[in-house]
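The numbers here are math on the coordinates, done by the rules we state, and not lab data. This is a predicted model, so every value here is computed, not measured. Here the Cβ positions follow ideal geometry from the backbone for every residue, glycine too, while neighbour counts run over all protein chains shown.
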């Protein structure tokens, strides 16, 4: 097991270094100029001299390798530098925004599994019943519909039929949990729908596979009650592949949050990333991408280790 | 059977969980069922006031809150600068006209789609800056919020020009105080004016004072003499009244190493405005409270102002549909596309909820031609494109008709020619179904065709210039403008055999290419003037050194006219000079062609918001001290 952990860690660090390089390089390769964005882009009224003043102030006129080196050096010193546009330390923005997105992602994940697992198990147990068909429609729609569209649809239904939409002024969960939940639950539902559908489909198919296994037949032939067969033998084994996608799904939720946060005015890291990309706020974009990469890599590492622990064949392979 | 019960209980559990989640999320029953309160329909008189005021300075509304059930596009009037020598008495305060009708209290909730670039307005490039911060500061002078055309005092209570027109002396209110308790003095004004024109630092909008400002001196604690570079600079006060020209405290900023940074954190702002800063959630919104020591007695009317940044158009609209927001004061154009604006406006106004002011026509849509290289180095080719361009089609397709033909100077203003005159200009002419010249604004009129003589003349010029079979040309622009080259590609191919290769990139690449003159043929941008004054366009687009003219095209005749008109104190003579400038631009040989005028802001004003008058350009009028709520 130790060797397996070391092997996984050895892959983790170079991947993170590569992510840092990509986060830096992509913004420079893409067209755009933070100085122009700060001067208003097409809305602005400026000359080449104005541009030069701002480029000098931001330091974006320095050679790329110097800029990258400075950023990495600052990172090792725990300094994420300062946002070009917001003019506050990037670390402050991250501290403000990441907990919000994390709450959204965790709520979406919890909601999706609370729904997906029973849905998948019942669909498999009641294969080809009306319930199974209804669940199939629900899950296929969830996989097919874009997340942003689900968000807009929810907003439309709430606004038009209930004359109510989630509050705009963000409230911290620990300060005002009721308002916070009012704000977060619908974005979580919109964000988690795909995951719900995907996990339910996966649960159903693995359950069906497991239900035809010899040991299930053995359990039944022993005279165990169906609930025990399903709960103790089938679900436990069918759940293994579902667990492995949690890391992937959580990473995807952070990505999906980019759009959903904008639709529901949730002040998370997704809106921060979109804002920062649009205005070419390099320090913020780099930090956010690196942080998301770190989270996804960390989650995958945990899942890999967990999977290796659950399934010894993996770590011996 | 037991297994069935387990399954059923699982299903029931899921339903219960979902129901509970929905119940929590929907909040209290009261919240969920609150319906919008019906408000009485505004009067026709108010409508008339709002529309008449746009074109006739004398008929400017002075009292009634302007809320119309249906609002026309914002027409453009001429800036009214009170006659020199007239001193506004301290007894006659600009806000007296509406003070007695106002109601006090409430929180003004403002929806804003764009984040401010700077809270220090001297460094701000664009209207999201003053959209956020204007209420914290005062200018020396401002546009009267009840007509958005007349220059009135802000910190200044009077001003008087010297007989030689080379200086203007301002007197400021003696009871104005900074938020740290210090008095606002003439020294602060001198410091601020000098800071606005400082070189070597970023001053995107306030640098507009540089062509006029020679220096200033504090005569006494409340009197400032401002010297100008030439006599009677007509555009000086109108520029000084835009929202970027804030007066800042000398005692806070002078000599600081971080003077360029400190006010970009709004917590550090020391100012004299109607509101005081309360809080700022970076990237999300901000909150102000009423300044209890505000020198304009009786203002502001609301207790506080909360701004929330909403970027998604659906969420933006839903916020108004469900009464979560009171106003989109800076404008919703950044969030709501025109097509959505039209349907929202129809629904909103049909329900009697308030007014959605569609965009006016004070932004120039234009494209550059690289006149330094073939084929556009030949003025005949530039004129051919000028003549063959179908401006009506561009306006109708890209702006859904919310536009005016691209005449050189602000349509609807005293500087403009009438629609009837414009309709006779080569390049702007259309024939109706009977083959007669259509005399009027052709945009939105069915059955008109471009005048064949213009096409024929354009083809003749191309042949004469050696391009009878046309040429290939690249057209570089950003995605917001994408329809323009698409339409042009078809029309230019049909009429002049110009085969256009479209290159759509991000905004920054287009602007960088414009500034570095790194484009081979066409490059389209737009220009948002600050004030309705010819100087703004001449210095912003048409003459060398202009931000929209990095390719350094200049017609010497136009420069001569600019120099003549910029200090002309006789308005009629100045108008006559601008007619001459117009004729030069209409030769169609410039480095750019302005295809239409359009607007960007969309102002959403529910009935409960009173004393709101939309402004003429996008660069001023973002203060809200004059607005009250009628609960």
Taking only Cα atoms and a 10 Å spring cutoff, compute GNM fluctuations for chain A and point out the largest among A:45, A:101, A:276.
A:45
To the nearest 0.05, how large is the calculated FRET efficiency for residue B:92 and residue B:210 if R₀ is 41 Å and r is the Cβ-Cβ distance?
0.80
Pick from A:90, A:115, A:228: which residue has the top mean-square fluctuation in a GNM of chain A where Cα pairs under 10 Å get a spring?
A:228
Taking just the alpha carbons, could you work out the radius of gyration and Dmax for chain B, both in angstroms?
26.6, 104
Partner chain coverage, peptide B:117-130 - average Cβ within 10 angstrom
3
On each of the three principal axes the extent of the alpha-carbon atoms of the stretch A:2-104, given in whole Å and largest first, is 61, 34, 24
Classify the stretch B:193-288 from the C-alpha gyration tensor, please: rounded if a/c falls under 1.5, else prolate or oblate depending on whether a/b exceeds b/c.
prolate
Within the stretch B:589-609, backbone nitrogen closer than 18 Å to the virtual label 7 Å beyond the Cα of residue B:486 toward Cβ:
none
7 Å from Cα along Cα→Cβ at both residue B:560 and residue B:501: what's the point-to-point distance in nm?
4.2 nm
Rounded, prolate or oblate (a/c below 1.5 giving rounded, otherwise prolate when a/b exceeds b/c) for the stretch B:363-598 by Cα gyration tensor
rounded
Quick check of the Kirkwood formula: for the stretch A:90-278, what is the inverse mean of 1/r over all pairs of different Cα atoms, in Å?
18.0 Å
Label residue B:432 and residue A:220 with points 7 Å out from Cα along Cα→Cβ: what is the distance between them in nm?
8.5 nm
Averaged over peptide A:187-196, how many Cβ atoms belonging to another chain are found within 10 Å of each residue's Cβ?
1
For chain A, built as a Gaussian network whose Cα springs stay under 10 Å, the top-fluctuating residue of A:136, A:225, A:126:
A:225
Distance between the C-alpha centers of the stretch A:256-309 and the stretch B:498-533? Whole Å please.
34 Å
On alpha-carbon atoms, Rg over Rh for the stretch B:331-390 using Kirkwood Rh?
1.30
Quick shape check on the protein assembly as shown: root eigenvalues a ≥ b ≥ c of the Cα gyration tensor, a/c under 1.5 is rounded, otherwise prolate if a/b tops b/c, else oblate, and it reads prolate
Fewest to most neighbouring Cβ within 10 Å: what's the order for A:24, B:301, B:471?
B:471, A:24, B:301
Just to verify a number: FRET efficiency for residue B:229 and residue B:579, C-beta to C-beta distance, R0 = 25 Å, to 0.05?
0.50
Difference of contour (0.36 nm per residue) and Cα-Cα distance, residue B:258 to residue B:587
113.5 nm
Expressed in whole Å with the largest first, what are the equivalent ellipsoid semi-axes of the stretch B:140-183 derived from the C-alpha gyration tensor as the square root of 5 times each eigenvalue?
22, 17, 6
If the label point is 7 Å along Cα→Cβ of residue B:351, which residues in the stretch B:296-334 have backbone nitrogen under 20 Å from it?
B:310-329, B:332-333
If you stretched the chain out fully between residue B:571 and residue B:339, how much longer would it get, using 0.36 nm times the residue separation minus the C-alpha to C-alpha distance?
79.6 nm
Given R₀ = 30 Å, FRET efficiency for residue A:76-residue A:306 by Cβ-Cβ distance, to 0.05?
0.50
Reference-scaled alpha-carbon Rg (2.2 N^0.38 Å with N residues) for the stretch A:77-200
1.34
Alpha carbon centre of the stretch A:175-247 versus the stretch A:49-117: separation in Å?
36 Å
Quick check on the exposure proxy: order B:418, B:246 from fewest to most C-beta atoms within 10 angstrom.
B:418, B:246
Cα centroid separation - the stretch B:123-174 against the stretch B:549-620, whole Å:
21 Å
Reduced Cα scattering model of chain A, Debye log10 I(q)/I(0), q = 0.16 Å⁻¹
-1.32
Going by how many other Cβ atoms sit within 10 Å of their own, how do A:236, B:305 line up, fewest first?
A:236, B:305
